[in-house]
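The next block holds one structure in the form of structure tokens; read it before the comments.
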Amino acid sequence: AKAAGKDTIRFFDPAMQEAVSAQLRLEEDIRRGLQAEEFMPYLQPQLDARGRVLGAEVLARWQHPQRGLLTPGVFIEVAEQAGMVEQIDLQMLYQACHQLALWRREPATASLSLAVNLSARLLYQPDFIDQLLHILAQSGANPQRLKLELTETILIDDMSVAIARMHQLREHGIRFSIDDFGTGYSSLAYLQKLPLDQLKIDQSFVRDMIEDEHSLAIIRAICALADSLQLEVIAEGVETEAQHAMLQDIGCGYFQGYLFGRPMPLDEFERLLMANQPK
Ligand code: C2E
Ligand code: CA
Ligand code: CA
Ligand code: CA
């Protein structure tokens, strides 16, 4: 197949034809699902060093009428290619802000924060700032309780635009975390230019830290870097007590992972909060 000549009518390769039409069907289905508001936030708890739940990361789930609950692995890439991930992100932001506004009314939940994943496509959309400020104002959420998770690769696309937008949002109190930190290829110099609050250690390093000294060394370096730049550092993908203990030892301040809770629906998260109340 590598040597396909110009007279090969590749489009009629049945396997490829099938893959193309499967993708188109999925696109169409995502479009329908967005319209029907089938995408909803699952919340995964984020804890501090004392074990208090400070908030959650919002992870998109698709409650599909036929296929059941779908995780982003099934739909995010196709949504990105089809220019629909912005809509998913906006629906997550809308629902997150709505929830923050409800929590704001009760002293026990008023200080909880939510971290929402932001795609490059949405950050670079010209009216993004207006859209987000509108969602915040309309919902009545406190912008200081909203954190946006960006990956390093997003920032490289057009760094000066990204920096300008981040500063603008920062003025309104919104906070920023760099997701999957340590896996990007960008220079560290950009860290000083960005209005950041948090680095999020990629879960691959956490997974391997017990057996692999390189992963452990990277985690130590990230924590030292965060410390000197006065940024928070959170570890994700924490699954075992051994990982948790070692991360605490290194000075990592915040934690997220199956050890503390899987991504869960809102009502389940609220039950977990009740159980987590200090005695
Ligand atoms: P991510 O932002 O790096 O999110 C972390 C992923 O790790 C989540 O997968 C989460 O469920 C999973 N995870 C959490 N704790 C553990 C653990 O202890 N062990 C293991 N093995 N995994 C853990 P999920 O929910 O399937 O999301 C996958 C990716 O999809 C996310 O990676 C993020 O890049 C993307 N995504 C999710 N929601 C959204 C969204 O609303 N908008 C955008 N643009 N992307 C999203
Ligand atoms: Ca994330
Ligand atoms: Ca991550
Ligand atoms: Ca990731």
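The values are calculated or read from the model by the stated rules, or taken from the named source; none is laboratory data. A quick note: this is a predicted structure, and the numbers were derived from the prediction, not measured. When we count neighbours, we look across all protein chains shown, and the Cβ atoms used for this are built from the backbone with ideal geometry, even at glycine. The area values use the complete protein model at the heavy-atom level, side chains included, leaving out ligands, DNA and RNA. Shrake-Rupley method; radii C 1.70, N 1.55, O 1.52, S 1.80 Å.
Look at Arg170 and say whether it is basic (Lys, Arg) and touching an Asp or Glu at 6+ places or on another chain (Cβ under 8 Å).
no
Could you list, in sequence order, the residues of the range 202-215 that are open to solvent by less than 50 Å² (accessible area, probe 1.4 Å) and either of a type in the set (A, V, I, L, M, F, W, C) or at pLDDT below 95 (or both)?
Answer for the range 202-215, where residues must be open to solvent by less than 50 Å² (accessible area, probe 1.4 Å) and either of a type in the set (A, V, I, L, M, F, W, C) or at pLDDT below 95 (or both): Phe205, Val206, Met209.
For the range 216-268, enumerate the residues that are within 21 Å of the chain's Cα centre (by Cα), surrounded by fewer than 17 Cβ atoms within 10 Å (Cβ to Cβ) and assigned to a helix (DSSP H, G or I).
Leu266, Asp267, Glu268
Does Phe181 satisfy the criteria of being open to solvent by less than 60 Å² (accessible area, probe 1.4 Å), in contact with a helix residue (DSSP H, G or I) (Cβ under 7 Å, 6 or more places away or on another chain), within 15 Å of ligand 3 (Cβ to nearest atom) and farther than 20 Å from Leu93 by Cα?
yes
Do we have Leu155 as assigned to a helix (DSSP H, G or I) and either within 15 Å of ligand 1 (Cβ to nearest atom) or touching a residue at least 60 places away in the same chain (Cβ under 8 Å) (or both) here?
Here the answer is yes, as Leu155 does meet what is asked.
Looking at the range 118-136, which of its residues are under 21 Å from Ile156 (Cβ atoms) and either open to solvent by less than 50 Å² (accessible area, probe 1.4 Å) or touching a Pro at 6+ places or on another chain (Cβ under 8 Å) (or both)?
Within the range 118-136, Leu118, Ser119, Ala120, Leu122, Leu123, Gln125, Phe128, Ile129 qualify.
I want to confirm something. Restricting to the range 88-137 and keeping residues that are β-branched (Val, Ile, Thr) and more than 13 Å from ligand 1 (Cβ to nearest atom), which single residue is nearest to Gly33 (Cα to Cα)?
Applying the filter and picking the extreme gives Ile135.
So, Ala110, is that one more than 24 Å from Phe255 (Cβ to Cβ), open to solvent by less than 50 Å² (accessible area, probe 1.4 Å) and part of a loop (DSSP other than H, G, I, E, B) or not?
For Ala110, the condition - more than 24 Å from Phe255 (Cβ to Cβ), open to solvent by less than 50 Å² (accessible area, probe 1.4 Å) and part of a loop (DSSP other than H, G, I, E, B) - is not met.
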